[in-house]
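I have placed the structure first, in the form of structure tokens, so that the comments after it can refer back to it.
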Amino acid sequence: MKEITIAGQRIVLKELSIQDQKGLWLELIANFDMKQFEFNGQVMLLLVAKGEVDYTNVQRRKISERIESVKHIPAVFYFDNLLTYERDRLVEQGVYFVVADKFAFVPTLIINRRSTKSEIKELFYPSTQYILLYHLQIENLDGLSLKELEDKVPYKYKTIAKSIKQLEALGLVRLEGSRNKKLVFEMSGKELWDNVSTNLIDPIKSIEYTSDIFPEGDVGGISALSHYSML
């Protein structure tokens, strides 16, 4: 294998030299063909199984953590095919992986990828606004990883990453750490609110008026579903 595809881009793989293998243990070298690659300035180690290597997801996570502690770069497992539920289990363990040219779970690459000016939108995405208001009104999100944010907001990892990238591009947050990056807001309280006031989107799509009289209808409170009330 000489290259892989991530986010539609072909990435050239580099053979590991004897010096590059320093610190890696014998079982790892015996079971995996290891390649090094670089994407958007981030060097990573790709692990391609030489045969039917039967590791649990927890074991793969521990392998990744051990490699990072020795080489100080993230490890990514390569698969030719992977069922959806198998992907979900790897994501739950925080294991980075690539499935041929079909799918990639490599948060470090998503976060480190620099937005072009055309990608930076001044107005928030709905998910971005939700995350920001959640932070201001419900619970402080400082210090959480993107994976931990999934337990707080009703969005999937990919959408959360897109929103955090927008906040980062606007200079409102930064990400700290190497493997499991933590979210840090650059401002707090009123200062943060004042700085985002021009980026907020209006949740009301349209306002309509009518002079018609509706003699019948259900009375609903502010928390009632519009489907069941006149709200």
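The values are calculated or read from the model by the stated rules, or taken from the named source; none is laboratory data. All of these numbers come straight from a predicted model, not from anything done at the bench. Every residue, glycine as well, gets a Cβ built from its backbone with ideal geometry; the counts of neighbours run over all protein chains shown.
When the range 40-62 is examined, which residues are found to be more than 16 Å from residue 1 (Cβ to Cβ) and either of a type in the set (D, E, K, R) or under 21 Å from the mean Cα position of the chain (by Cα) (or both)? Within the range 40-62, 40, 41, 42, 43, 52, 54, 57, 58, 60, 61, 62 qualify. For the residues 91, 98, the requirement of being surrounded by 17 or more Cβ atoms within 10 Å (Cβ to Cβ), in a strand (DSSP E or B) and not assigned by TED's automatic domain parsing to the domain that holds residue 159 singles out 98. Going through the range 40-64 one residue at a time, which ones are without any contact (Cβ under 8 Å) to a residue 12 or more places away in the chain and assigned to a helix (DSSP H, G or I)? Those that are without any contact (Cβ under 8 Å) to a residue 12 or more places away in the chain and assigned to a helix (DSSP H, G or I): 59, 62.
Let me confirm something: among 182, 165, which residue is surrounded by fewer than 17 Cβ atoms within 10 Å (Cβ to Cβ) and among the basic types (Lys, Arg)? Testing whether each residue is surrounded by fewer than 17 Cβ atoms within 10 Å (Cβ to Cβ) and among the basic types (Lys, Arg) leaves just 182. Filter the range 99-140 down to the residues that are modelled with pLDDT of 90 or more, farther than 25 Å from residue 204 by Cβ and within 15 Å of the chain's Cα centre (by Cα) and list them by number. If the condition is that a residue be modelled with pLDDT of 90 or more, farther than 25 Å from residue 204 by Cβ and within 15 Å of the chain's Cα centre (by Cα), then no residue fits.
Condition test on residue 162, is it more than 19 Å from residue 125 (Cα to Cα) and in a helix (DSSP H, G or I)? No; evaluated as a whole, the condition is false for this residue. Looking at residue 68, is it over 21 Å from residue 5 (Cβ atoms), of a type outside the set (Val, Ile, Thr), assigned to a loop (DSSP other than H, G, I, E, B) and outside the structural domain of residue 181 (by TED's automatic domain parsing)? It is false that residue 68 is over 21 Å from residue 5 (Cβ atoms), of a type outside the set (Val, Ile, Thr), assigned to a loop (DSSP other than H, G, I, E, B) and outside the structural domain of residue 181 (by TED's automatic domain parsing). In this structure, residue 221 does not satisfy being modelled with pLDDT of 90 or more, over 30 Å from residue 61 (Cβ atoms), loosely packed, with under 11 Cβ neighbours inside 10 Å and over 14 Å from the mean Cα position of the chain (by Cα). Restricting attention to the range 36-69, the residues being loosely packed, with under 13 Cβ neighbours inside 10 Å and hydrophobic (A, V, I, L, M, F, W, C) number 1. Residue pairs whose Cβ atoms lie under 6 Å apart, sitting 6 or more positions apart in sequence or on different chains, and linking a residue in the range 130-151 that is closer than 13 Å to residue 175 by Cα to a partner that is part of a loop (DSSP other than H, G, I, E, B) and modelled with pLDDT under 95, are 145/180. Here is the figure for the range 21-35: residues that are in contact (Cβ under 8 Å) with a residue 24 or more places away in the chain and either surrounded by 15 or more Cβ atoms within 10 Å (Cβ to Cβ) or in a strand (DSSP E or B) (or both) total 4. Scanning the range 122-162 for residues that are acidic (Asp, Glu) and surrounded by 15 or more Cβ atoms within 10 Å (Cβ to Cβ) turns up just one, 150.
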